Amino acid sequence: MCERGAKLVIFVSAECPNSCYYCPVSPERKGTFANETRVTRPEDLLEEAERMDAEGASITGGEPLIHLKRTSGMITLLKKFYGEEFHIHLYTSIPPEKKVIELLFSSGLDEIRFHPPDLKNPGRFLPALETSADHGMEYGFEIPALRLSMDIVNIVNETSAFLNINQLEYTPYNFRRLIKKYSFGEGSGSIESRKIALEYARLVHKFHYCSSGFKDGVQMRNRFRRMSRKMDRLYEKTDDGTVICGFVEGDTVKLEKIMKRYGVRYILRSGGVEIDPETALKLAGRLKRKGFNVSIIERYPTSEETVVEVIPL
């Protein structure tokens, strides 16, 4: 599902009891998000799932178990609307008690992934691994490629858990700390990560490695493609998952009247309207004479609508 870009990423909050030096999350990020969309009501979560045609969800943070009621409620909501086949997994750095795992399981959680902060004392998670197994959930560790931990290797192999290794990823929030210990490679990942991952791969029975390049070049790209496919036909879709359209900037009340008079299909946006590129090229002269700015833009299909290129007409 990750490879197909089919998993909705739910960011419960930035709150966390740990302060790991390698954490990529901005401490300023407040609230709950589904992908790039801020969630303030249940409908926001469901609308974002529909926007990307999600087949499952990944629940992360911060630490999602700090807000257990909110987390279990979102799991229940998604299972109610999309059914048992909608696969949901959760990351946590807290060894949850039996009653917590039972609540998550009864809410509909399919899989749980544990992260010992700084890879220290993974044995604390053994009871949680056993409880997860007793309830028929998928279970294992998901950790960044900091170093080889034989304690984790032994626990994974002895319990039939899986091990997911993520390439250590640089962000503006952890760069200064990471650069002191690791070498910066292509993209946003550390050079040492692949070597560390290969060490785990030789020792662990159930193993998977996820590079930062895979996340950006495959996972996110395919999610954008899924989102762009569901967008209005006035948008041209690119192979990268971005969309291309015309943008007419100006007074939206006047623009709506003009678009209706011209019989042009449009979508109202902040500061203007989006129209198909061919129509923008055709009407650019007339619209500019009326005092409007006209351009061809390429943007992400997300709720943030981040623009990546602007060509003024």
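Strands (runs of 3 or more DSSP E) fully within the stretch 1-67 that include at least 1 residues being surrounded by fewer than 20 Cβ atoms within 10 Å (Cβ to Cβ) and under 15 Å from the mean Cα position of the chain (by Cα): 7-11, 37-39, 56-60.
Within the stretch 216-262, the set of residues being aliphatic (A, V, I, L, M), under 21 Å from residue 285 (Cβ atoms) and part of a loop (DSSP other than H, G, I, E, B) comprises just one member, 234. Return the residue satisfying two criteria in turn: it lies in the stretch 98-120 and is part of a loop (DSSP other than H, G, I, E, B) and in contact (Cβ under 8 Å) with a residue 12 or more places away in the chain, and of such residues it is farthest from residue 1 (Cα to Cα). Ranking the qualifying residues of the stretch 98-120, first place goes to 116. Would you point out the residue of the stretch 198-217, among those that are basic (Lys, Arg) and either touching a Ser or Thr at 6+ places or on another chain (Cβ under 9 Å) or surrounded by 14 or more Cβ atoms within 10 Å (Cβ to Cβ) (or both), that is modelled with the lowest pLDDT? Among them, the one singled out is 215.
Table: residues versus (1) within 30 Å of residue 75 (Cα to Cα); (2) surrounded by fewer than 17 Cβ atoms within 10 Å (Cβ to Cβ); (3) touching a Ser or Thr at 6+ places or on another chain (Cβ under 6 Å).
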residue: 133; (1), (2), (3): yes, yes, no
residue: 147; (1), (2), (3): no, yes, no
residue: 156; (1), (2), (3): yes, no, no
residue: 172; (1), (2), (3): no, yes, no
residue: 175; (1), (2), (3): no, yes, no
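Considering every residue within the stretch 106-115, establish whether at least one is aromatic (Phe, Trp, Tyr) and either surrounded by fewer than 19 Cβ atoms within 10 Å (Cβ to Cβ) or farther than 27 Å from residue 30 by Cα (or both). No, the conditions are met nowhere in the stretch 106-115. Between residues in the stretch 264-277 that are in a strand (DSSP E or B) and residues that are modelled with pLDDT of 95 or more and charged (D, E, K, R), which pairs lie under 6 Å by C-beta distance while being six or more apart or on different chains? Pairs found: 267/274; 272/249. Scanning the stretch 151-170 for residues that are assigned to a strand (DSSP E or B) and more than 21 Å from the chain's Cα centre (by Cα) yields a count of 1. Here residue 247 meets the list (1) in the same structural domain as residue 37 (by TED's automatic domain parsing); (2) surrounded by 15 or more Cβ atoms within 10 Å (Cβ to Cβ) almost entirely, failing just condition (1). Can you tell me which of 168, 129 is assigned by TED's automatic domain parsing to the domain that holds residue 204, in contact with a strand residue (DSSP E or B) (Cβ under 8 Å, 6 or more places away or on another chain) and either surrounded by fewer than 22 Cβ atoms within 10 Å (Cβ to Cβ) or modelled with pLDDT under 95 (or both)? Result: 168 is the single residue among 168, 129 that is assigned by TED's automatic domain parsing to the domain that holds residue 204, in contact with a strand residue (DSSP E or B) (Cβ under 8 Å, 6 or more places away or on another chain) and either surrounded by fewer than 22 Cβ atoms within 10 Å (Cβ to Cβ) or modelled with pLDDT under 95 (or both).
Return yes or no: is residue 17 farther than 26 Å from residue 226 by Cα and touching an Asp or Glu at 6+ places or on another chain (Cβ under 9 Å)? So residue 17 fits the description; yes.
The values are calculated or read from the model by the stated rules, or taken from the named source; none is laboratory data. Computed from a prediction, not measured in an experiment: that's the story for all the values here. Cβ sites come from the backbone with ideal geometry, for glycine too, and all protein chains shown count toward neighbours.
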